[in-house]
Amino acid sequence: MKEYKVIDNFLPEDVFSEMSREITSPGKFPLYYVDFIAFSKERNKFFYFEHPLFYRSRPTSDFYLPIVEPFLEGIGINAIIRAKVNAYPKTESIEEHGKHVDFDNMPNDTAIFYINTNNGFTRLENGTVVESVANRLLILDGAIYHNSSSCTDADLRFVLNLNFI
Amino acid sequence: MNNYKVMDNFLPEDVFKNLSDLILTPGTFPFFYSNEIADGDDPGIYFIHNLFADCFPISPYYEAVMNPLIEHMGINTLHRSKVNAYLRTEKIVEHGRHVDVEGIPMNVAVFYVNSNNGFTRIDENNVVSSVANRLLLLDGSVVHNSTTCTDQDLRVSININFL
């Protein structure tokens, strides 16, 4: 059965506070422009910014350990497939991005950690909406189709996206 | 008398292509979120990448981005340089009127990295469109403002203050 769970207040308050400050404070955290979202080939329809932390068996950022370490034990991760921070710019109205699974070529679990509170969300294939609440963790079976969205009430919608076994 | 000058096709094509590819290719160039545009009262956010400030290069991309511009502009003394990336908006938003540096006689250059329908407004009657590889030179005392654009994800320019 394809399952998901939502855990609020996942990180201890001081750990979360430091991590979110590091990522969301203006001028501190490098973000890279991406000209599509969720495998869409429609360039210039949606865009966002990301910060790759880990991919293809190696860290891709000095921020990898400081950001991901609290989740390794907290979730019980055996092997990381990919870790990255996503930042979706505010839009006039909420835009829902394409439904997808992060990796369709290997069994994995997906975690979405909400770094700031906003009116954006993750929508699962059964219609369930998981709202963006700071320090909330959504863990789902990697086979569950889902989609992200933008928000209208914060400059950026920040999430940490983890794929793991 | 015009107190600004526009130079199109400023960099040689191959040099410009290298520079614009470096900055515009998705996933290659780090930008930093800023919630203060121009005078700080502007709505919205933009992304910046500081290259040079306080008499020192502050980015590993400094030489790759600035060397061609310094060479072709003949800059002797650089005060500040940064890459600005304004996010696409539903309608064009004009940011606050400002001079970049107050109290120091300084020249301003805006180098347009991509073409879009945003612009730099000099005054009520004069705007400079964002055309890739265009350089705008301004006397530093000229009040001006930037804008967003509606036809590209990002409006990217390099802002240079120099003597």
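The values are calculated or read from the model by the stated rules, or taken from the named source; none is laboratory data. What you see is a predicted model, and the numbers here were worked out from it, not measured in a lab. Cβ placement follows ideal geometry from the backbone for every residue including glycine, while neighbour counts extend to all protein chains displayed.
Going through the stretch B:28-87 one residue at a time, which ones are under 29 Å from A:ARG21 (Cα atoms) and among the aliphatic types (A, V, I, L, M)?
Hits for the stretch B:28-87 are B:ILE37, B:ALA38, B:ILE45, B:ILE48, B:LEU51, B:ALA53, B:ILE58, B:VAL83, B:ALA85, B:LEU87.
Name the residue, out of B:LEU24, B:LEU19, B:LEU78, that is touching a residue at least 60 places away in the same chain (Cβ under 8 Å), of a type in the set (A, V, I, L, M) and within 11 Å of chain A (Cβ to nearest Cβ).
Unique residue meeting the criteria: B:LEU24.
Within the stretch B:34-66, which residues are in contact with a Ser or Thr (Cβ under 8 Å, 6 or more places away or on another chain) and closer than 18 Å to B:THR89 by Cβ?
Selection gives B:ILE37, B:ALA38, B:GLY44, B:ILE45, B:TYR46, B:PHE47, B:ILE48.
Which of the residues spanning the stretch B:54-104 are assigned to a loop (DSSP other than H, G, I, E, B), hydroxyl-bearing (Ser, Thr, Tyr) and within 22 Å of A:PHE49 (Cβ to Cβ)?
Within the stretch B:54-104, B:SER59, B:TYR61, B:THR89 qualify.
Exactly one of these conditions fails for B:VAL15: (1) of a type in the set (Val, Ile, Thr); (2) part of a loop (DSSP other than H, G, I, E, B); (3) modelled with pLDDT of 95 or more. Give me its number.
Answer for B:VAL15: the failing condition is (2).
Can you find, within the stretch A:6-38, the residue that is nearest to the other protein chains (Cβ to nearest Cβ) among those that are of a type in the set (Asp, Glu) and closer than 23 Å to B:ALA85 by Cβ?
If we take residues in the stretch A:6-38 being of a type in the set (Asp, Glu) and closer than 23 Å to B:ALA85 by Cβ, then A:ASP35 is nearest to the other protein chains (Cβ to nearest Cβ).
Taking into account only those residues within the stretch B:28-70 that are within 8 Å of chain A (Cβ to nearest Cβ) and of a type in the set (A, V, I, L, M, F, W, C), which is nearest to the chain's Cα centre (by Cα)?
B:ILE48
Among what's in the stretch A:49-95 and is among the acidic types (Asp, Glu), surrounded by fewer than 14 Cβ atoms within 10 Å (Cβ to Cβ) and not in a helix (DSSP H, G or I), pick the residue that is farthest from the other protein chains (Cβ to nearest Cβ).
A:ASP62
State yes or no: is B:SER141 surrounded by fewer than 18 Cβ atoms within 10 Å (Cβ to Cβ) and either part of a loop (DSSP other than H, G, I, E, B) or of a type outside the set (A, V, I, L, M) (or both)?
yes
Take the conditions without any contact (Cβ under 8 Å) to a residue 60 or more places away in the chain, touching a helix residue (DSSP H, G or I) at 6+ places or on another chain (Cβ under 6 Å) and not charged (D, E, K, R) and apply them to A:VAL15. Does it pass?
Judged against the criteria, A:VAL15 is a match.
Within the stretch A:139-165, restricting attention to residues that are away from chain B (no Cβ under 14 Å) and assigned to a loop (DSSP other than H, G, I, E, B), which residue is farthest from A:GLY120 (Cα to Cα)?
Here the answer is A:ILE165.
Of the residues A:ILE81, A:ILE112, A:ILE75, which single one is in contact with a Ser or Thr (Cβ under 6 Å, 6 or more places away or on another chain) and not small (Gly, Ala, Ser)?
Answer to the selection: A:ILE112.
Please work out if B:ARG134 is at pLDDT 90 or above, crowded, with 18+ Cβ neighbours inside 10 Å and of a type in the set (D, E, K, R).
Yes: the conditions hold for B:ARG134.
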